[in-house]
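This is the structure I have questions about; it appears just below.
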Amino acid sequence: MSNPAASGTHAVYLELRRRFADGDFAPAERLTETTLAQELGVSRTPVREALGRLLADGLVVPAARGGAVVAALDSDEVRHIYRLRASLEGLAAAEAAKRQASGLIAPVEMRAIGDAADAVERAIELGDAKRSAQANLAFHRAIGRTAANPFLEDALHRVWDRIAVATVSNLSDPVWAARAVAEHRAIFQNIADGDENAARAAAEQHINDAALIYEAAQARR
């Protein structure tokens, strides 16, 4: 970008979005301009401006003493966002399968989805919930890219960032983690087969199952 200040703000914003997606921040965690500026090696100005963008994204809310607090979803919001995610992920899988059936997906793109599914399984075998969540996101992102709809992909990114903490929580459960691997394989196979309806159904069921696991975990707290 030609404006250095704007470029700095954008870089800080992208780094903070990455941290949200990776599950680095906990719900209600306070984010201060000073601490973030020190961590990122920048002045407070780009951090303040980046936090303003995150506020607009709904990822943070203003803190009483300055800075921001990571937005926490209540039980109703969790149900709403998972319902939205199921629809979006179902559409992405269906569009990917449709493109596959039409011969529009290069073999390397299909391999990327399969490799991402393998990476999730390997991370789960290591017992690292956070790494598993990062690999899980890479799998879903691969499908989002293959759907070739930039508006759909943008909507998915906004949802993924809001529920990163839920993903880490779910993949801490070994039973769900093993089940997620099997469901990923089913989604991938339906896309590879070019079966639009089956891909949509498998993707939607996977997200609905994840929602139930997370809600049950929250109820036990």
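Every read-out reported here was derived from the displayed coordinates using simple, explicitly stated rules and does not represent laboratory data. The shown structure was predicted, so the numbers you read here are calculated from the model rather than taken from an experiment. Neighbour counts are summed over all protein chains in view; Cβ atoms, including those assigned to glycine, are modelled from backbone coordinates with ideal geometry.
Return the whole-Å distance between the Cα centroid of segment 45-106 and the Cα centroid of segment 148-194.
Segment 45-106 and segment 148-194 have Cα centres spaced 13 Å from each other.
Could you pull the Cα extents of segment 4-70 along its three principal axes, largest to smallest, in whole Å?
Per principal axis, max minus min of the Cα coordinates gives 31, 26, 22 Å.
Let me ask something additional. Please arrange 69, 168, 12 by how many other C-beta atoms lie within 10 Å of their C-beta, fewest to most.
Working: 69 16, 168 20, 12 24.
Ranking 69, 168, 12 by Cβ neighbours within 10 Å, fewest first, gives 69, 168, 12.
Now a separate question. Quick check on the exposure proxy: order 80, 184 from fewest to most C-beta atoms within 10 angstrom. Spell out each step's value before the answer.
Values: 80 12, 184 24.
Least crowded to most crowded, the residues run 80, 184.
Mind listing which trypsin sites (Lys or Arg not before Pro) in segment 1-82 are in a DSSP loop and have 12 or fewer other Cβ atoms within 10 Å?
Values: sites: 17, 18, 19, 30, 44, 48, 53, 65, 79; in loops: 65.
Sites meeting the loop and neighbour criteria: 65.
Summing +1 for each Lys or Arg and -1 for each Asp or Glu, what net charge is found among the other residues whose Cβ lies under 11 Å from the Cβ of residue 10?
Details: positive: 17, 53; negative: 15, 49.
Combined, the nearby Lys, Arg, Asp and Glu give 0.
Considering the convex hull of the alpha carbon atoms of segment 75-219, report its projected area averaged over all viewing directions, in nm², one decimal. Mind dumping the intermediate values first?
Numbers: hull surface 29.7 nm².
So the Cα hull casts an average projection of 7.4 nm².
Mean separation of Cα pairs under 8 Å and 6+ residues apart, divided by the residue count of the chain: what relative contact order is that in percent?
Details: 273 pairs, mean separation 58.4, N = 221.
Rounded, it is 26 percent for the chain.
Give the residue from 107, 143, 97 lying farthest towards the positive end of the charge dipole for the chain; charges sit on Cβ (+1 for Lys and Arg, -1 for Asp and Glu) and the dipole is referred to the Cα centre.
143
Another question, if that's okay. Per DSSP H run of at least 4 residues, take -39500 (n - 2.57); add these up for the chain, divide by its residues and hand me the 222 nm value, nearest 500 deg cm²/dmol. Before the final figure, lay out the partial values.
Working: 10 runs with 168 residues, N = 221.
Rounded to the nearest 500, the figure is -25500 deg cm²/dmol.
How large is the charge dipole for segment 4-70, taken about the Cα centre, if only the Cβ atoms of Lys, Arg (+1) and Asp, Glu (-1) carry charge, to the nearest 20 debye? Mind dumping the intermediate values first?
Numbers: 8 positive and 8 negative charges, 32 e Å.
Roughly 160 debye for segment 4-70.
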